[in-house]
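The values are calculated or read from the model by the stated rules, or taken from the named source; none is laboratory data. Owing to the predicted nature of the structure, the values given are computational and were not obtained by experimental measurement. Here the Cβ positions follow ideal geometry from the backbone for every residue, glycine too, while neighbour counts run over all protein chains shown.
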Amino acid sequence: MRSGNRAGSVSLLAMGALLCWAAQAEAREEMVRRTMALDADWAFHLGNIQERVQDGSLDASGWEKVSLPHNWNRMGGTAQRREDYQNVKGQGWYRRSFPTPEKLGDRHVWIQFDAASVIADVWVNGVHLGRHAGAFAGFRFDATKALKPAGDNLLVVRVDNSSPREKGSPTADVIPMNGDWPMYGGLYRPASLIVTGPLRIAMEDFGGPGIYASTETVEGGKARVRVLARLENGLPGSAKGSVQTRILDREGRVVAGATTPFGIAAGSGSTARAEVEQQLAVADPHLWEGVRDPYLYHVNVRLLDRAGRQLDEVEQPLGIRTMRIDPETGFWLNGRQVPLHGVSRHQDRPGKGWAITSADIAEDTAIIREIGANTVRLAHYQHADEAYRQMDQAGMVVWAEIPLVDRSAPWYSETTTEAFAANAEQQLRELIRQEYNHPSIAVWSIANEVNLEAAKGRGTSNARPLLERLQAVVHAEDPLRPATLADCCGTIAEENRPGLDSVAGITDVIGYNRYHGWYGNKVDFLGRDLDRVHARFPRQPISISEYGAGGALTQHTDDPQGGPIAAFGRPHPEEFQSWLLEESWKQIAARPYVWASWVWNLFDFSNELRLEGDLTDTNDKGLVTFDRKTRKDAFYLYKANWSPEPTLYLAERRHTARPYPVVDVKAYANTGTVSLTLNGRPLGEARCEVGICRWPGVTLAPGENRLEASGTRDGKRVSDAMVWTFEGKPGLYRIRAGTLEQQRAPDGVLWGSDVFSTGGQGHFRDRPSMARGGEPGPVQPVLGTQSQAPYGSWREGDFSYTIPVPNGRYKVRLHFFEPDDKLGAGARQFEVLAEGRKAALIDVRREAKASWTALTRNIPVTVADGKLDLAFKPIVGSAIVSGIEVLPE
Ligand code: GCB
């Protein structure tokens, strides 16, 4: 309406029309659905309650006041067990009141929970509305019949996250049975009250939105979009009307529409159901192109009665795209080959557990974009709808999955039970229906490492029948998306375990979880393993659903290959993680038939069974710490390879204390070449391959060394700088033989990790927590020495060291002890050669007189060729050494 004189002269007719419109709007408002948040004002009690709490006869005034999202378990992310650690499993009770909506008439009131872990029972005014089993999907119950005609109603929820292993546990048949993450208890996602009409878009459809849209084809400048609307009728009479569907572009303009009549039977007694399917043509569609251009439409479905009045309305995201996965050429989006590279994500946060907010998800999404991923595995269960929504918007291609993990049978049974299979099937249908409309989702995964327990010899059922059943569910629910699964053991272990059930060939496509170089094997087996599996199943598109390594911010190595890591323990040097991922990524990137790969994991995550790296109750395979604050070195390896953003990062920036004068410097960059200076002095330009730029053999000056790197991409200059402190002096070395972890001794002296060696095998003395959940074991001290520093590890076999030193005279002090109690004198004898000359004949057990007792030998050496050569040559048994000190004279 314009201002000025005319404003006052609105005709009575127009005024009448306005009032009439307002009344209609109000009436429509009453008919279409309304949603009210139920997140605030809950009272919570942790633990079982014997009295009847459901009907309000119990005084709950002492209960804790909480709001949703909420969960009661806390763990992980700290060096020692966190002060607010809470791992109680069992029942938690929630209650709050809510008023009966005014003028309810024949409308229905639904209580919706976006998730409740693991089992939820819901009562309104003492009436049990139902039970939901499964920690990750949303669900809703019709509360209408339980409501008071007016005033406040009491809503009570019992949530139970008891372990499924307990005999008779209510979760005994509810997946997952196991897994490398805690099942946090609580109402950890939002809850809401929804009012709908009796004739409505489906509310009882496995928690789904009731409308399901998919791109059938994109051809000749036109997209065909199929929309399925499921309808419900709770009225005592049959009904007719129409379904009006519109596709709206980003600006809200209608680009396609269809109106289809429907008829639905009387809902007397129970709800009647009907389906309406529509085909809409979108001319000249703006495609959802992944990270390149994640364009989104919306599909809006209205339910109209015969008179054209609106009864209900639901809106969902729509991305117009086609996807295809080929066994030889990998992933195709809209007819374009797109190699998928990305990360996995768990949904937990330190302190919050699963009770995270949209802002937390947005922070994760921003980090996913920053690293340059174009795909995300949302593991190992259904994430919040908000997470998939953000993936749509970010253009990520998503692997979505259900938590069928480690076992295909309940703990109480050797084989799959019907209750167990039915729960897996229910969780799969919930996932698919609830998240169907997200264009980002490419595959539905039905299982993860489902035969792991069997592979470990803890005989559980043959997984195939269940997997075949779930595969069929995927095809029935969504014929356009392939089913997948993540396999650990089916093929890798078959040589060793001929009886083990292989799960290859069941699903349309597959992922392999491969930890070569971490949980066994050598990292260079990865590529060969893939080639082997690809040759064996040539029709099956292969991805790497997991690969990874732990990375501790406070543990450092001077050579990631200097000794063994303790996968289920310590150490987990950050540089080892980088090295293993570099080697893995090179092999993956060289295999275009691998349709996708996901690093396990983008973030550290909690698991109270782990005591690894420098953290407690945490899996430290993240590229970013649990609190999302620190990006580990390896994060930038991927950023340099994946992100178009000019990236240059000097690696090992937390490895600041340097025991050795000659080091390799490394950067991760996408600038092609990088220039480096040390204390202002140019060290030259390195050419970067696979994002890795190296300057080998850089000599550090005693004290602080400032390294500055710079490069250019797309005309933009990027630079980075860091400071390392060389703590020794030229020619001085203190080497912990056989271990990859450097360590500062109690006297403040820094012992470096094993570098410069060839041959032999490293061992460390202290093997804490090799069994999961163990406390660090007691350290067995080596006797006869003031300092334990040189005796934390050893190298054994036939081996040598070549150590770069300035020419001159040195005293080489060698430290030994005999770690094998069973070896008597004479059972291990070897020679030490210095600069090629015999320098000592050693029988540790004889000379030290006992095992676990220190022995030192000093050897004078003169070096004239810039390197000190030490060789350890076995005579009887294998040679051994624990510590090597090179002391300039
Ligand atoms: C796996 C599992 C994953 C674990 C991971 C690990 O294979 O699928 O849930 O967290 O290994 O770190 O051991």
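One line per residue, one yes/no per condition, for (1) part of a loop (DSSP other than H, G, I, E, B); (2) surrounded by 24 or more Cβ atoms within 10 Å (Cβ to Cβ); (3) touching a residue at least 24 places away in the same chain (Cβ under 8 Å); (4) in contact with a helix residue (DSSP H, G or I) (Cβ under 8 Å, 6 or more places away or on another chain):
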residue: A504; (1), (2), (3), (4): yes, no, yes, yes
residue: G511; (1), (2), (3), (4): no, yes, yes, no
residue: Y515; (1), (2), (3), (4): yes, no, yes, no
residue: G527; (1), (2), (3), (4): no, no, yes, yes
residue: P560; (1), (2), (3), (4): yes, no, yes, yes
residue: L580; (1), (2), (3), (4): no, yes, yes, no
residue: W585; (1), (2), (3), (4): no, no, yes, yes
residue: P592; (1), (2), (3), (4): yes, no, yes, no
residue: A596; (1), (2), (3), (4): no, yes, yes, no
(message) Looking at (1) closer than 30 Å to N619 by Cβ; (2) touching a residue at least 40 places away in the same chain (Cβ under 8 Å), which one does R694 not meet, given that it meets all the others?
(response) (2)
(message) For the condition touching an Asp or Glu at 6+ places or on another chain (Cβ under 7 Å) and either surrounded by fewer than 21 Cβ atoms within 10 Å (Cβ to Cβ) or at negative phi (or both), what is the one hit in A640, A651?
(response) A651
(request) Select from the range 543-558 the residues that are touching a residue at least 60 places away in the same chain (Cβ under 8 Å), aliphatic (A, V, I, L, M) and within 15 Å of the ligand (Cβ to nearest atom) and write down the one among them that is surrounded by the fewest Cβ atoms within 10 Å (Cβ to Cβ). (result) A552
(request) Would you mind stating whether L428 is aliphatic (A, V, I, L, M) and more than 18 Å from the chain's Cα centre (by Cα)? (result) yes
(request) Name the single residue, out of those in the range 395-425 being under 22 Å from the mean Cα position of the chain (by Cα) and more than 16 Å from the ligand (Cβ to nearest atom), that is farthest from R469 (Cα to Cα). (result) G395
(request) Go through the range 683-704 residue by residue and tally those that are among the acidic types (D, E) and closer than 9 Å to V663 by Cα. (result) 0
(request) Check whether at least one residue in the range 673-684 is touching a helix residue (DSSP H, G or I) at 6+ places or on another chain (Cβ under 8 Å) and hydroxyl-bearing (S, T, Y), and report yes or no. (result) no
(request) Sort through P538, P573 and tell me the only one that's of a type outside the set (S, T, Y), more than 29 Å from L467 (Cβ to Cβ) and in contact (Cβ under 8 Å) with a residue 60 or more places away in the chain. (result) P573
(message) I'd like to check which strands (runs of 3 or more DSSP E) are fully inside the range 808-889 and have at least 1 residues that are over 46 Å from the mean Cα position of the chain (by Cα).
(response) 808-816, 829-834, 837-842, 855-863, 867-876, 883-888
(message) Looking only at strands (runs of 3 or more DSSP E) that lie completely in the range 297-397, which have at least 1 residues being among the β-branched types (V, I, T)?
(response) 297-305, 310-318, 323-326, 340-345, 375-378
(request) Could you please find all residues in the range 742-768 being of a type in the set (A, V, I, L, M, F, W, C), crowded, with 18+ Cβ neighbours inside 10 Å and assigned to a loop (DSSP other than H, G, I, E, B)? (result) V755, F756
(request) Collect the residues in the range 843-889 that are over 26 Å from Q743 (Cβ atoms), in contact (Cβ under 8 Å) with a residue 60 or more places away in the chain and surrounded by 13 or more Cβ atoms within 10 Å (Cβ to Cβ), keeping them in residue-number order. (result) K873, P874
(message) A135 - would you say it is modelled with pLDDT of 95 or more, part of a strand (DSSP E or B) and either within 17 Å of F206 (Cα to Cα) or of a type in the set (S, T, N, Q) (or both)?
(response) no
(request) Restrict the check to the range 449-461 and report whether at least one residue is closer than 25 Å to R610 by Cα, modelled with pLDDT of 90 or more, within 19 Å of the chain's Cα centre (by Cα) and within 16 Å of the ligand (Cβ to nearest atom). (result) yes
(request) Name every residue in the range 722-736 that is under 35 Å from the mean Cα position of the chain (by Cα) and outside any strand (DSSP E or B), in order of residue number. (result) none
(message) I need a count of the residues in the range 567-605 that are more than 16 Å from the ligand (Cβ to nearest atom) and aromatic (F, W, Y).
(response) 4
(message) Please pick out the residue among W72, W123, W93 that is touching a helix residue (DSSP H, G or I) at 6+ places or on another chain (Cβ under 9 Å) and either part of a strand (DSSP E or B) or of a type in the set (A, V, I, L, M, F, W, C) (or both).
(response) W123
(message) Being surrounded by fewer than 24 Cβ atoms within 10 Å (Cβ to Cβ), farther than 27 Å from P339 by Cα and either within 16 Å of the ligand (Cβ to nearest atom) or not aliphatic (A, V, I, L, M) (or both) is the requirement here; does P564 meet it?
(response) yes
(request) Quick one: which residue in I175, I201 is away from the ligand (no atom under 16 Å from the Cβ), of a type in the set (V, I, T) and out of contact with any Ser or Thr (no Cβ under 6 Å at 6 or more places or on another chain)? (result) I201
(request) For the range 402-417, state whether one or more residues are assigned to a helix (DSSP H, G or I) and touching a helix residue (DSSP H, G or I) at 6+ places or on another chain (Cβ under 7 Å). (result) no
(request) Evaluate the range 632-650: report whether one residue or more is part of a loop (DSSP other than H, G, I, E, B), within 15 Å of the ligand (Cβ to nearest atom), of a type in the set (A, V, I, L, M) and in contact with a Leu (Cβ under 8 Å, 6 or more places away or on another chain). (result) no
